[in-house]
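Worksheet: one structure, shown below.
FYI, it's all coordinate maths here, none of it is from the lab. Computed from a predicted structure; not experimentally measured. Here the Cβ positions follow ideal geometry from the backbone for every residue, glycine too, while neighbour counts run over all protein chains shown.
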Amino acid sequence: MLKTQAAQWLQAGFLAGLMAILFPSNLSLAFTSPKTSDAPETLSVGGQELRFKDLKNPFRQDSNNLKNYIKEGGITYFKNCFLCHGDLMDGRGLFGDRFFPHPVDFNQAIAENKSESYFFWRIMKGAQGLPKELQPGESAMPAWEGTLAEDEIWKVILFIFDNVKNPVVPDPPAEPSVERGQLVYKEKCVYCHAEDGSGKGVSAFYSSPRPRNFIKGQYKFRTTPFGKIPTDDDLYKMLVRGMPGTTMPSWKHFPEVDLHSLVLYLKTLSKKFAKFKKKGKTHKLIKIESPPPFDDQSLERGKKFFAATCSGCHGLKGRSDGESTKRNVDIGSDAIRPRNLTQPWTFRRGKSPQQLFLTIRTGLSTTAMPRHSKRIFKDRDVWDIVHYVATLSKNNSRNVARKIKAVKTTGVLPLNPDDAVWADAPAFNVPLAGQIIQAEKAFYPTIDDVKVQALHNGEELAIKLTWDDPTFDPILKTVTDVQESPVPPLPPQFQMEPEESEQVPEEPKPQKYPDAIALQFPAAASADGSLPYFLNGDESHPVNLWQWRSHPNRVSELTAQGMAHITEHPESSQQVQSKVIFRYGQYQLVMKRKLSTEDKENDIQFEAGKTIPFAINAWDGNMKETGTRKSISSWFQMTLE
C-alpha cells in the first residue's frame, strides 16, 4: 500500500498539486463580493461624516510628489497587507488560500472599475462595515480605522493602483543588462530584500523564512555543491518558480529580458560572483542519474538511512519533531524548522523525485539541512531516502472542503483517538492562518492545518481533531500517552560513555503557555441566517468554544463575545469529555458531548439532519502563542447525517 501511494506521489505533477491546494474545486462560499452600490451614502471617519460620492484621493493630483507617495504606500502595504493579498496584488499571499472567502484580487477589482473611494471604504471599515446580507461574519478583512491614518490608506491605494497598472516595469530593452536589472529590482524587490540586498526590507519582520540576503551570496536551491555559488540558470529558475509556502511569489510574468537582467544584477550584490569569475572558475554541477527501481528493498534501505541520518531533525515520522529541532529552531533569528515531510505541497524546490534528490545531495545553505556527500552516500543511497520520504505522506495535497459531515453510526461513540472506528470515518482538512487581524498577532504560526472527523449516534456527537505540532507540553507525559521521536543512532566516535549518559530524567513540568485548540460554534442560530464574526464573535453575536488545553488536560466550555470577552460556563454546564494523545509530532484529540443539553442558555444544541457552522482556533504554547496569538480558520459547515 505504501509503495503504491509513494509511486503516485512521486509521479504527480508539482503545478497540478499546487493549484489543487490553492484553489480547491469543492468550495462553495455564501459570501458575495460587495459592489460599489453596497457602499453607504456616508462614512463616519474620525468624528466626521464623509459623503461616499465626494471621496477623492488627496494625493492623486500632486504629480511632483506622486512617486514618493506611492513608495510610502508600498511600505504600509508590506507591513499590513501582503500576507493576504500578496506581492502581486492577486489575493494569493501566504495566507491567501487559508481564508474563505479568499482575499480580494485587486487586479480583478480594478478591472471591474472599482474606484479609489470604494477601496477607501473597504479598507477603512473592513468586513464589519458590510451590510448583513453579505455575511460580514465570514470575511477576514479587518477594519483599518484606528490603526492606519487616512493619509496612509490613501497612499496604500495609490500603491495598489500603480502596481495593478504596472505589473512589470515599462519599456523592457532588447538585451538584458545589470542596469535594467537594478531598475527592476528597485521597483519590485526592495520591499522585501531591501535596497542593498540585505534581506532587511520592511516585510522582513513579518516573514518566516526571512527574505534572502543577496549580499552573502548563499542560496538554498542550487545545482552546485554545498557552499558554492549558484549558476545563472539556478537564479533564473528561482525567480520563475518562487518559493511555495513563503512570501516569495513567482515572477514568471516578467519579460524574459527582465528575468535575465535581474540575474545579472543579483550577482553584483555579492562579491563571491566577481571573485569566481576573476579566478577563472567554472561550475561543477550535481548530476542526477536515472533513479533505481522503486521496490521493497529500496524502501527498507531508505527507512534505515532516514532513521540514522534524517530523523534527528525531521523526526521518526517526518513531522519535523526530531530532538535536534528543539535546539536549533529560533523563528526570531530565522532558524526555521526542518520541512514537515508529510506535507509535500510545502516543499520549496518542489516534490518531484529529481528535486528531492538534489535537495538531499546539495543540502540547503543557511539552514541546518546538510549535504549528503558522495564520499559517504552513493547515488543509490540518496535515491533510497527519496523513495522512503515518498511514503511519509498519505496525500499529495490537502482534502479541503467547506462542508463536512458527521457520519451517523450505532453504539457507543469512541473517546479514544486510537479506536479503530476512526480509520473508516471520512477526514476533512481545515486550513488555518495566523491571526493577523487584531493585535497581538501571529505572523508565523506553527499549526496551519487540522484534520477533522465526526461521528454521531443520534444521542451524542464525537469530533476527532488531528494536527501536527513539532513539540508537546512535557506535563502531558504524566497524564496521557506520549511517544517522542527517539534520538537517532550516532556513529561510535560520537557516542557518550555509559557513565555520562546515565542521568536521572527531570520531572516533567508544564510549559509556560499550554498547547491548546478550540472548536468554535455560533451560540445560537440567527433569525436571518447570518453568522457571528468568525473571530470569536462580538457582543451581539456570541460564540461557544470547546477549548482543550494541555495544562490542565481538559476541555472547557466557554462563551466568547469578541477576542477580549471570554467567560467560562458554570461547572454544572461543563459536559464535554475529551481524550488526547501525542505521537511523533502529532496531536490527536477526541471531544464528545450529548447533542442536546439542559443548559439551553449557554450550550450549542445539535440536531441530526441539521448543519452547524464551526471554526477552529489553535495555539502552540512552545512558540509563546497565547490569547490572540494563535492560528485561526474561517467558518466551515458540519452536517449531522
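Some points to look at:
- Sequence-distant lysines (8 or more away, or on other chains) whose Cα lies within less than 17 Å of residue 35: 53, 114, 125, 132
- Sequence-distant contacts, meaning Cα pairs under 8 Å at least 6 residues apart, place the relative contact order of the chain at 14 percent.
- Of the GluC sites (Glu not before Pro) in the stretch 242-326, those whose Cβ has at most 14 other Cβ within 10 Å and which sit in DSSP loop: 289
- HN-Hα J in Hz across the stretch 605-617 - Karplus 6.51, -1.76, 1.60, θ = phi - 60°, x for Gly and Pro: 10, 10, 8, 4, x, 9, 9, 10, x, 8, 9, 10, 10
- Global geometry of the chain, whether rounded, prolate or oblate, following the gyration tensor of its Cα atoms and the 1.5 cut on a/c: oblate
- Under the combined filter of DSSP loop state and at most 11 neighbouring Cβ atoms within 10 Å, the stretch 38-78 retains these GluC sites (Glu not before Pro): 41.
- Counted by Cβ distance under 13 Å from residue 351, the other residues give a net charge of +4, where Lys and Arg count +1 and Asp and Glu count -1.
- Rounded, prolate or oblate (a/c below 1.5 giving rounded, otherwise prolate when a/b exceeds b/c) for the stretch 180-225 by Cα gyration tensor: oblate
- Simple Cβ-charge dipole of the chain, Lys/Arg +1 and Asp/Glu -1, about Cα centre, in debye nearest 20: 3100 debye
- With the simple model of a label 7 Å out from the Cα in the direction of the Cβ, residue 441 to residue 335 spans 2.6 nm.
- Charges were assigned to the Cβ only: +1 to each Lys and Arg, -1 to each Asp and Glu. The resulting dipole of the stretch 55-165 about its Cα centre is roughly 100 debye.
- The stretch 55-165 shape via C-alpha gyration tensor axes, a/c threshold 1.5: prolate
- Scalar couplings 3J(HN,Hα) for the stretch 429-435, obtained by applying the Karplus form with A = 6.51, B = -1.76, C = 1.60 to θ = phi - 60°, are 9, 10, x, 10, 10, x, 6 Hz; x denotes Gly and Pro.
- When the listed pairs 303/378; 186/630; 594/630 are checked against a 26 Å cut-off, the alpha-carbon distance exceeds it for 186/630; 594/630.
- Charge dipole of the stretch 598-641 about the Cα centre (unit charges at C-beta), most positive-ward option of 626, 636, 616: 626
- Positive-end residue, the stretch 178-278 charge dipole about Cα centroid, Cβ charges, pick of 205, 261, 219: 219
- Cut-off 12 Å between beta-carbons: net charge of the residues surrounding residue 149, Lys and Arg +1, Asp and Glu -1: -4
- Signed unit charges on C-beta, dipole axis of the chain, positive-most listed residue 359, 475, 421: 359
- Those trypsin sites (Lys or Arg not before Pro) in the stretch 593-641 that DSSP places in a loop and that have at most 10 other beta carbons within 10 Å: 600
- Charge dipole of the stretch 295-335 (Cα centre as origin; +1 on each Lys and Arg Cβ, -1 on each Asp and Glu Cβ, all else neutral): 120 debye, rounded to the nearest 20.
- With a threshold of 19 Å on the Cα-Cα distance, the over-threshold entries among 451/579; 228/277; 252/284; 252/287 are 252/284; 252/287.
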